[in-house]
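Contents: one structure, followed by commentary.
The values are calculated or read from the model by the stated rules, or taken from the named source; none is laboratory data. This one's a predicted model, so the numbers in the text were calculated from it and none came from an experiment. All Cβ positions, glycine included, derive from the backbone under ideal geometry; neighbour counts span all protein chains shown. Heads up: the accessible areas ignore ligands, DNA and RNA and are worked out on the full protein's heavy atoms, side chains in. Shrake-Rupley method; radii C 1.70, N 1.55, O 1.52, S 1.80 Å.
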Amino acid sequence: MGNRPPAPAAGTPLRIILNDLGWTVPALARRLNATATRHGHRDRIDLRTPRRWLDGTHPTPPWDAYTLHVLGEALGHPVT
């Protein structure tokens with residue numbers, strides 16, 4: 001009945017950022033693989049791997065650092 005505060009945004013911070021950027025999970029994975037290549041990293045992630053991160057698991061090194069770098073670059077400010 002009274003004034004209630006707005007509901008918090010749904011989703012994990014990563015999901016919110018991807019939505020803000022208009023990126024899909026495979027698009028993020030492709031950008032991460034490209035970043036890995038530029039940094040001389042030979043391993044690649046599957047295009048579906050970041051979906052697990054949306055469910056609450058955390059990327060392992062070096063993918064955690066690459067993710068922060070790629071998102072920060074796209075947003076124009078550091079992501080922590």
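The set of residues in the range 24-36 being in contact (Cβ under 8 Å) with a residue 12 or more places away in the chain and open to solvent by 30 Å² or more (accessible area, probe 1.4 Å) consists of 26, 30, 31. For the range 44-66, a residue qualifies if it is in contact with a helix residue (DSSP H, G or I) (Cβ under 6 Å, 6 or more places away or on another chain), open to solvent by 100 Å² or more (accessible area, probe 1.4 Å) and within 19 Å of residue 20 (Cα to Cα), and exactly one does: 51. Considering 69, 39, the condition of being open to solvent by 100 Å² or more (accessible area, probe 1.4 Å), farther than 15 Å from residue 13 by Cβ and touching a residue at least 24 places away in the same chain (Cβ under 8 Å) is satisfied by 39 alone.
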